[in-house]
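First the structure, in the form of structure tokens, and then the observations on it.
The values are calculated or read from the model by the stated rules, or taken from the named source; none is laboratory data. Keep in mind the model is a prediction, meaning the values are calculated, not measured. All Cβ positions, even for glycine, are placed from backbone atoms using ideal geometry, and neighbour counts span all protein chains on display.
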Amino acid sequence: MQKSSYLILGLKDNATLQEVENAYRTLKEKYQKLCFEEGEAGSSAAKMLSKIKIAYNDCIEDIKKREIVGDGT
């Protein structure tokens, strides 16, 4: 699940906390504006916004685990 979460945000799986936060903010702003459109566009944007929020939380959790365990470098 983690790798797909990074892909949803458009990041590599070794992204930093700052990169994740920036990607999340950018995508959130983009799709929040689209949510107000009527019809399929608004519905699709709402679904994507939900995926973005879940991906963000997954990535943050993964980064916290990496900090505790170490990133293997």
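For the range 63-72, the condition holds for no residue, the condition being that it is within 11 Å of the chain's Cα centre (by Cα) and part of a helix (DSSP H, G or I). In the range 54-65, the residues that are more than 10 Å from S4 (Cβ to Cβ) reach residues that are surrounded by fewer than 17 Cβ atoms within 10 Å (Cβ to Cβ) and basic (K, R) with C-beta atoms within less than 9 angstrom, at least six apart or across chains, in these pairs: Y56/K28. Does K28 satisfy the condition of being among the charged types (D, E, K, R), surrounded by 13 or more Cβ atoms within 10 Å (Cβ to Cβ) and modelled with pLDDT of 90 or more? Criteria met by K28. Residues of the range 14-53 that are outside any helix (DSSP H, G or I) and touching a residue at least 24 places away in the same chain (Cβ under 8 Å): N14, A15, T16. Does K53 satisfy being exposed (fewer than 13 other Cβ atoms within 10 Å of the Cβ) and of a type outside the set (A, V, I, L, M, F, W, C)? No, not satisfied. For the structure I just gave you, tell me whether G39 is within 9 Å of the chain's Cα centre (by Cα), surrounded by fewer than 16 Cβ atoms within 10 Å (Cβ to Cβ) and on the phi > 0 side of the Ramachandran plot. Here the answer is no, as G39 does not meet what is asked.
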